[in-house]
Amino acid sequence: MNTLLFSHPDCLDHDTGYGHPECADRLRVVLSALEDEAFMFLDRRDAPLATREQLERVHPPGHVTALLDAVPADGHGSIDADTVLSPGTGKAALRAAGAVVAAVDAVCGGEARNAFCAVRPPGHHAEPDQAMGFCLFNNVAVGAAHARATHHVRRVAIIDFDVHHGNGTQTFCEQDADLFYGSTHQWPLYPGTGSVKEKGVYGNVVNACLPPMAGSPEFRHAIQTQLVPALDAFKPDLVMISAGFDAHMRDPVGGLDLTEDDFVWVTQKLIEVADRHAKGRIVSVLEGGYDLRALANSTAAHVKTLMVA
Ligand SMILES: [Zn+2]
């Protein structure tokens, strides 16, 4: 079975202003890298807009309304110093969450083995009731909630290898025994959450903290000795990935030392987990990654690995 790619031109219209690291060029270079002939058999789909019902499985209705109402008709608005709104932000955010919903439908519906969502704004810092850290809606959480609500999927694991801790995704998961959140991230770093002591109400959260400058050996050791055993114990019906590539050595925001090979390796490990427990089903979602060359190459390597799963 094939790999699907979900994206939408509307995601380019979220304009964060001059010099902002989370810029539209990120998505442009990712999509351009995926135009290579190696991706000839990648099945491309336009992301639909997420519906209110889909968003409200994660975010309170009043918050969704307030967020969409805050989108300016012209110029820029902001939620906080990092989280900027432009006229195109509302549609971009709805496409980003809608991509993950559609990817879940395709993968859980047996139409594809796995899927990658090339979207922005990213989502893993978005709390149910607070947009923050470049993130509006928690795209991966909206997808996980959709899988459980509509596909008889009981247990969903979300693995997050972005250099930052996905505080919003952890909040979504930590009080639900049928959700698992596992993260490797630099520690200490924004947003300050994700200590090893945060384990979830049911032991269903694993935070593998990496010190600044940590590279391939530390990263692979954390995945192999902490995340993979926890995933095997959890036995997910669906594996979701918060695929941030800002742990790459070239990244200007993160301070870790990973390369494309590490992203290929972790993708392979997660494919093995999905094969053991989840009929191979993986939905992967773009999060961070701010060096354009590293982002393009790392995303291409990740998607190529999903395609040979
Ligand atoms: Zn990040």
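The values are calculated or read from the model by the stated rules, or taken from the named source; none is laboratory data. This is a predicted model, so every value here is computed, not measured. Every residue, glycine among them, receives a Cβ derived from its backbone with ideal geometry; neighbour counts consider all protein chains shown. Heads up: the accessible areas ignore ligands, DNA and RNA and are worked out on the full protein's heavy atoms, side chains in. Shrake-Rupley method; radii C 1.70, N 1.55, O 1.52, S 1.80 Å.
As a summary of the residue check, Ser32 satisfies the conditions (1) open to solvent by 60 Å² or more (accessible area, probe 1.4 Å); (2) of a type in the set (S, T, N, Q); (3) closer than 16 Å to Cys135 by Cα except for the one numbered (3). With respect to Met213, is the statement that it is within 16 Å of the ligand (Cβ to nearest atom) and without any contact (Cβ under 8 Å) to a residue 60 or more places away in the chain true? The answer is no for Met213.
Within the set of pairs 6 or more residues apart or between chains, which connect a residue that is without any contact (Cβ under 8 Å) to a residue 60 or more places away in the chain and farther than 13 Å from Asp246 by Cβ inside segment 278-305 to a residue that is within 16 Å of the ligand (Cβ to nearest atom) and assigned to a helix (DSSP H, G or I) with Cβ atoms less than 9 Å apart? Listed by first residue and then by second, the contacts come to Ala301/Phe263; Thr305/Phe263.
In segment 99-107 there is at least one residue that is in contact with a Lys or Arg (Cβ under 6 Å, 6 or more places away or on another chain), buried (at least 19 other Cβ atoms within 10 Å of the Cβ) and in a helix (DSSP H, G or I).
The sole residue among Arg155, Arg57, Arg120, Arg113 that is closer than 25 Å to Asp262 by Cα, out of contact with any strand residue (DSSP E or B) (no Cβ under 6 Å at 6 or more places or on another chain), open to solvent by 10 Å² or more (accessible area, probe 1.4 Å) and not aliphatic (A, V, I, L, M) is Arg113. Scanning segment 278-295 for residues that are over 13 Å from the mean Cα position of the chain (by Cα), open to solvent by less than 10 Å² (accessible area, probe 1.4 Å) and among the hydrophobic types (A, V, I, L, M, F, W, C) returns Ala278, Ala294, Leu295. Give the residue that is nearest to the ligand (Cβ to nearest atom), with candidates limited to residues of segment 126-152 that are part of a loop (DSSP other than H, G, I, E, B) and open to solvent by 10 Å² or more (accessible area, probe 1.4 Å). If we take residues in segment 126-152 being part of a loop (DSSP other than H, G, I, E, B) and open to solvent by 10 Å² or more (accessible area, probe 1.4 Å), then Phe134 is nearest to the ligand (Cβ to nearest atom). Please tell me if Asp275 is surrounded by fewer than 22 Cβ atoms within 10 Å (Cβ to Cβ) and within 16 Å of the ligand (Cβ to nearest atom). So Asp275 fails the test. Kindly indicate whether any position in segment 35-47 is at negative phi, under 17 Å from the mean Cα position of the chain (by Cα) and buried (at least 16 other Cβ atoms within 10 Å of the Cβ). Scanning segment 35-47, I find at least one residue that is at negative phi, under 17 Å from the mean Cα position of the chain (by Cα) and buried (at least 16 other Cβ atoms within 10 Å of the Cβ), so the answer is yes.
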